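The values are calculated or read from the model by the stated rules, or taken from the named source; none is laboratory data. What you see is a predicted model, and the numbers here were worked out from it, not measured in a lab. Don't worry about glycine lacking a Cβ; one is built from the backbone with ideal geometry, like all the others, and counts go over all protein chains shown. Note: areas computed on protein heavy atoms with side chains; ligands, DNA, RNA excluded. Shrake-Rupley method; radii C 1.70, N 1.55, O 1.52, S 1.80 Å.
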Amino acid sequence: VPSINLSELHTAFYSYYGDNQIITSAQDIKEHLDLGGTTGIVTNLWSQWIGPVNESRLPYDNVEFFDDSDKTADMQYVSDYHLENAYLFDFDEYRSNADDINNIVKQFVYNGNAVDVSFYYDYSDFNSRYNCSYSEKASRFANHAVTIAGWDDDFPAENFNNKPEHNGAWLIKNSWGYGSGNDGYIWISYDDQSLCDFAVYELGDNDN
């Protein structure tokens, strides 16, 4: 399995940069980078062959890069990979399709695909003993995107601060480094009400 580290900064910035991208009222770089995004926004950007690029090309903490307008313009249409397929899916309004969505996620992960998902993170919802989170917030409050890397149908509901109705949880690869959770991984209950905006991206070489 290849070890690939993509630049979040490139995607976050260029989704809202240039005449053909999303128009905003952001006044400075911090406002610009705080606009957030969705799987639809990422798909829209990458399908134009704007990114993704490797982290080494535009590191997460290199915000000063955008002070140079020439470099900023030159970097826009750089890509180290090209998006070949994007699969976007989500729960319906009443989560009546929850079993179908969960099965889709498991099939993708079983086949070796990472699954992007958003959820609401709040420290009060997180149990640091078992490195798990369960929120009763609705999906409109989702404030963080992570990667589903596995699952455990028998993960005990008792492990969560607020006990969900059922056992079972997704194994999540977070983006906060190895010091977060269990070497960078946490568990999120299947019943978490904030889970939403699932996606799988298939990337190919940039000369394909």
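Based on protein heavy atoms only, the range 69-111 ends up with 64 Å² per residue of surface accessible to a 1.4 Å probe.
Counting only heavy atoms of the protein chains, get the accessible area per residue of the range 1-46 (1.4 Å probe) and round it to a whole Å² value. Display every interim value, and only then the final one.
Values: 2770 Å² over 46 residues.
In whole numbers, the range 1-46 has 60 Å² accessible per residue.
Averaging the Cα positions of each part gives two centres, and for the range 78-93 and the range 152-177 these lie 25 Å apart. Each Lys or Arg adds one and each Asp or Glu subtracts one; over the other residues with Cβ under 15 Å from the Cβ of residue 175, this totals -4.
Tally Lys and Arg at +1 and Asp and Glu at -1 over the other residues with C-beta under 15 Å from the C-beta of residue 144: what net charge comes out? The partial results should precede the final answer.
Values: positive: 137, 140, 173; negative: 8, 34, 116, 122, 125, 192, 197.
Charge balance near residue 144 sits at -4.
Once you list every other residue whose beta carbon is under 14 Å from the beta carbon of residue 56, what net charge do they have if Lys and Arg are +1 and Asp and Glu are -1?
-3
Of the solvent-accessible surface of the chain, computed with a 1.4 Å probe over protein heavy atoms with every protein chain present, carbon and sulfur atoms account for 45 percent. For the chain, the longest principal axis of the C-alpha atoms and the axis of helix 98-110 are separated by about 60°. Restricting the trypsin sites (Lys or Arg not before Pro) of the range 87-153 to loop positions (DSSP other than H, G, I, E, B) with no more than 10 neighbouring Cβ atoms within 10 Å leaves 129.
Cross-link check: pairs 106/163; 71/173; 71/137; 30/106 evaluated at a Cα-Cα cut-off of 30 Å; pairs beyond the cut-off: 71/173; 71/137; 30/106.
Each of the peptides 79-85, 174-180 was scored by the mean count of other Cβ atoms within 10 Å over its residues; in descending order, highest first, they stand as 79-85, 174-180.
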